[in-house]
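Shown next, in structure tokens, is the structure this report addresses.
The values are calculated or read from the model by the stated rules, or taken from the named source; none is laboratory data. All figures in this text were calculated on a predicted structure; none of them were measured in a lab. Because the Cβ atoms are built from the backbone with ideal geometry, glycine has one as well, and the counts that use them run over all protein chains shown.
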Amino acid sequence: MQTKGLKLTDVLTTVVVAIVFGIVYKVWGPLYYAVKPLGLHLDQLIYGMWFIAATVAYLLIRKPGVALLAEVAAASGEFLAGSEWGLEVLFYGFVQGLLAELVFAAFRYKRFDVAVVSLAAVGSTIASLVLDFYKGYIDQLAWWNLTLFIGARFVGAILIAGVFAYSLVKALEATGVTQLLRPTTKEDYDSLDK
């Protein structure tokens, strides 16, 4: 039986996962700018990578607070690696992680399926869009262009931070490595008897 609170190993595992994604976030910035000139908001289709730390960490640890911690730690890692967006990434990381965490809380931290993880990605997307509107650069777009922009960001978030994150953790589970994080339960032993 897992305890509800975070143990030191949960926090350390979350931070390690987040640091890996923080480095990915830093590398993702130039890719984001490379596809931006191609038009059709292709940059927004890959924006979902900046939400993945929260969903992967939650799927691995499966405890309250992990999504927020992971996203803040990943944003911190990106910042320390020299993010082109500076301190702003910390605020984005906090708000995006908070909305992902609220989605998991809405399901009482009991669902770990692709639908819930995709909803968390949608929550992070909403957070990022609110902050982008506050910064004042996307409200200048024509309605059709804004619709394309927002739609592409939602699709990218669901595909990357939802479906891909879920698939990545399922692949890790197939190797057995997640058993170190989530010990075998009574249900696992009972399923062996069937």
task = Looking only at the stretch 106-120, decide whether some residue is among the polar types (S, T, N, Q) and either modelled with pLDDT under 90 or touching a Leu at 6+ places or on another chain (Cβ under 8 Å) (or both).
result = no
Scanning the stretch 1-50 for residues that are over 22 Å from Ala121 (Cα atoms) and surrounded by 13 or more Cβ atoms within 10 Å (Cβ to Cβ), the one modelled with the highest pLDDT turns out to be Leu6
Exercise. Would it be correct to say that Glu101 is of a type in the set (Asp, Glu), within 18 Å of Phe21 (Cα to Cα) and surrounded by 24 or more Cβ atoms within 10 Å (Cβ to Cβ)?
Worked result: yes
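Can you say whether Phe94 is touching a helix residue (DSSP H, G or I) at 6+ places or on another chain (Cβ under 6 Å), at pLDDT 90 or above and more than 18 Å from Gly162 (Cα to Cα), as far as the supplied structure shows?
yes
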Taking the stretch 122-145 and keeping residues out of contact with any helix residue (DSSP H, G or I) (no Cβ under 7 Å at 6 or more places or on another chain) and buried (at least 16 other Cβ atoms within 10 Å of the Cβ) leaves Asp132
A careful count of residues in the stretch 82-118 that are part of a helix (DSSP H, G or I) and either closer than 26 Å to Gly29 by Cβ or in contact (Cβ under 8 Å) with a residue 24 or more places away in the chain (or both) gives 20
